[in-house]
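The values are calculated or read from the model by the stated rules, or taken from the named source; none is laboratory data. Being a predicted model, the structure only gives us computed values, none of them experimental. Cβ coordinates were reconstructed from backbone atoms using ideal geometry, including for glycine residues, and neighbour counts include every protein chain displayed.
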Amino acid sequence: MKIQTSLSLCCALGLMVACIDPISSPPCVETLLTQSSVSGDTITLNTALRYIEGVTGTGSPSRWCLAIVTHHTEYLLDGTRLYSTHDDDRPLVFTPGLGDLIDGYEQGVVGMRNGGSRRLIVPPELAYGSQPQFNSSGEIIIPANSTLVYDIEVFNVAQ
């Protein structure tokens, strides 16, 4: 009986301690983005991300560490279409800076506004690098060292 009481007391104390531990989330990391060059309509950032501005959009620009809702279509540089959120009408909701997506995508939406569009040209070092990406059947869908292209539309920017 003493063992049961002791175990119950330990469990109760453990739960109380667990309840007072702070809730943590992954740290949000901002990357300093500056324009390093412009060639025609293509802007290159200091991180080597390139983009072509489409529709500017309205409202405040998106920022690091604030949620954003986007639709996109993804291609290989040779034009091979990989995926589109329009296919299943499921927009992508994420927070730039949490590292949930490839760096190039997270960097590429910073500064976009509601209703805005942009084409991102993401070099391998901001995508998957030397790691090929496979589909569920084990076939390579994104070869190693691939540059990716995203046509992005923003639908909601947190303020």
By residue number, the members of region 32-61 that are touching a helix residue (DSSP H, G or I) at 6+ places or on another chain (Cβ under 9 Å), closer than 14 Å to Val110 by Cα and of a type in the set (A, V, I, L, M, F, W, C) are Leu33, Leu45, Leu49
Sole miss for Ser146 among (1) among the polar types (S, T, N, Q); (2) buried (at least 20 other Cβ atoms within 10 Å of the Cβ); (3) not in a loop (DSSP other than H, G, I, E, B) is condition (3)
So the strands (runs of 3 or more DSSP E) completely within region 67-142 holding 3 or more residues that are surrounded by 15 or more Cβ atoms within 10 Å (Cβ to Cβ) are 68-76, 117-122
The residue from Thr56, Thr44, Thr80 that alone is of a type in the set (S, T, N, Q) and touching a residue at least 24 places away in the same chain (Cβ under 8 Å) is Thr56
Only one of (1) in contact (Cβ under 8 Å) with a residue 40 or more places away in the chain; (2) among the polar types (S, T, N, Q); (3) over 13 Å from Leu76 (Cα atoms) does not apply to Asn135, and that is (1)
Inspect region 60-78 for any residue being among the β-branched types (Val, Ile, Thr), modelled with pLDDT of 95 or more and more than 17 Å from the chain's Cα centre (by Cα) and give the result as yes or no.
-> no
